[in-house]
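Just so it is clear, none of the values below were taken in a lab; they were calculated from the coordinates. No experiment lies behind these values; they were computed from the predicted model shown. Every residue, glycine among them, receives a Cβ derived from its backbone with ideal geometry; neighbour counts consider all protein chains shown.
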Amino acid sequence: MNSQLKSKLLSFYKEEMVAFLKSQPEHFNEAINLAVSDDQPFAWRSAFLLSSYMEDNDTRVKKYVKPILACIKSKNDGHQRELLKILYRMKLSDKEEGMVFDICIRLWEQISKDP
């Protein structure tokens with residue numbers, strides 16, 4: 001059975017999805033868990049929503065930085081971009097920044113990827 005968030009991710013435009021998450025912040029953890037999952041099309045759309053909705057250095061995202069870093073390489077191009085946008089808005093440790101740099105270089109070297 002699909003959750004209320006999954007239903008909104010499929011039927012709403014970006015502004016409506018952001019408004020939904022603002023009005024029902026209890027769905028934030030579900031959104032971040034979906035974003036790092038392989039449950040498509042919800043995973044990509046959830047990452048897209050979070051990169052637009054979250055605050056800079058959002059404390060709710062901090063505990064998910066390592067799972068995001070761990071899963072980026074296995075995602076499709078667009079999903080990778082949205083996860084990187086989430087990380088871009090976070091204050092990362094030097095080690096985490098190094099991991100992001102390494103991921104970005106490896107992605108950049110894959111010339112077959114969509115821009």
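Can you list the trypsin sites (Lys or Arg not before Pro) in region 1-83 that are in a DSSP coil and have 14 or fewer other beta carbons within 10 angstrom?
K63
Give me the number: length gained by fully extending K85 to K62, i.e. 0.36 nm times residue separation minus the C-alpha to C-alpha distance, one decimal in nm.
Stretched fully, the K85-K62 segment lengthens by 6.9 nm.
Name the longest site-free stretch of the chain, where the excluded sites are GluC sites (Glu not before Pro) in a DSSP loop with no more than 15 other beta-carbon atoms within 10 Å.
1-54
Magnitude of the Cβ-charge dipole of the chain, K/R +1 and D/E -1, about the Cα centre, nearest 20 debye?
Around 100 debye, computed over the chain.
Bin width 10 Å, origin at 0, all Cα-Cα pairs of region 4-108: what percent of pairs per bin?
The calculated distribution, bin by bin, is 15, 52, 27, 6.
Once both labels are modelled 7 Å past Cα along the beta-carbon direction, what's the F101-S37 spacing in nm?
It is 3.5 nm.
Over region 4-108, what relative contact order in percent results from Cα pairs under 8 Å that are six or more residues apart?
With pairs under 8 Å counted, the relative contact order is 24 percent.
Put a dot 7 Å past each Cα toward the Cβ at V18 and I111; how far apart are the dots in nm?
If labels sit at I111 and V18, their model points lie 3.7 nm apart.
Taking 21 Å as the cut-off for C-alpha to C-alpha distance, list the pairs among K73/K95; K22/K95; K6/K91; K6/K66; K22/K75; K63/K91 that go past it.
K22/K95; K6/K91; K6/K66; K22/K75
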